[in-house]
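Peer 1: Handing you a structure now.
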Amino acid sequence: MEVVSKSEYFYWIYGMTHLVSPASLYPRYFSDAPKLDKALHDRLTKLTTQSRVVILMKGNPQEPQCGFSNAVCRILEAHGVLDKKDPKTGSPIASSFNILSDDSIRNGAKIFSDWPTFPQVYIDGEFIGGCDILLDMHRSGKLAEELEKWGIGSTLKGEDTMK
């Protein structure tokens, strides 16, 4: 994947009506990485689709074990995502997985997402990005818009998130 310039990035962020995958705007680092074996790929697919929103992180939302994981959780918490329940099942729409508990998931997720760092956020099984991307989307107001488009909703819809 080619590296996009800052002006191209802002065109995509502000010019598109719906971002399919914000992470696709950033350079990817593992495109030449080996393929995952089927069992691990299937395990990661199941893990990243177990809830509408999945965070692969260090720790958990109540006790994050790194600053970036904490930032992602606080952003999603501000948007009301972490507390939201599925109206049909009553179960939470967000879940997390502590990558420090499983080396195969931690190493495999980097290949699976073609993204070298954690946390990694998935919505409806689609990799969205890490802390930097969620923070950019939050600051620009795009995260609230996208959460609405995904049918998840945001408690910050229409608010100024640049404060």
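Peer 1: Starting from the Cα of C66, step 7 Å along the direction of its Cβ; do the same at D124; then give the gap between the two resulting points in nm.
Peer 2: Taking the two extended label points, one gets 2.8 nm.
Peer 1: May I ask for the Kirkwood hydrodynamic radius of region 34-149, worked out over all distinct Cα pairs and given in angstroms to one decimal?
Peer 2: Details: mean 1/r = 0.0698 Å⁻¹.
It works out to 14.3 Å.
Peer 1: Another question, if that's okay. Please compute the net charge surrounding L100, taking Lys and Arg as +1 and Asp and Glu as -1 over other residues with Cβ under 15 Å from its Cβ. Walk me through the numbers on the way to the answer.
Peer 2: Numbers: positive: K58, R106, K110; negative: E63, D102, D103.
It works out to a net charge of 0.
No lab work stands behind these numbers, since they all come straight from the coordinates. This one's a predicted model, so the numbers in the text were calculated from it and none came from an experiment. Note that each Cβ is placed from the backbone with ideal geometry, even for glycine, and that neighbours are counted across all protein chains shown.
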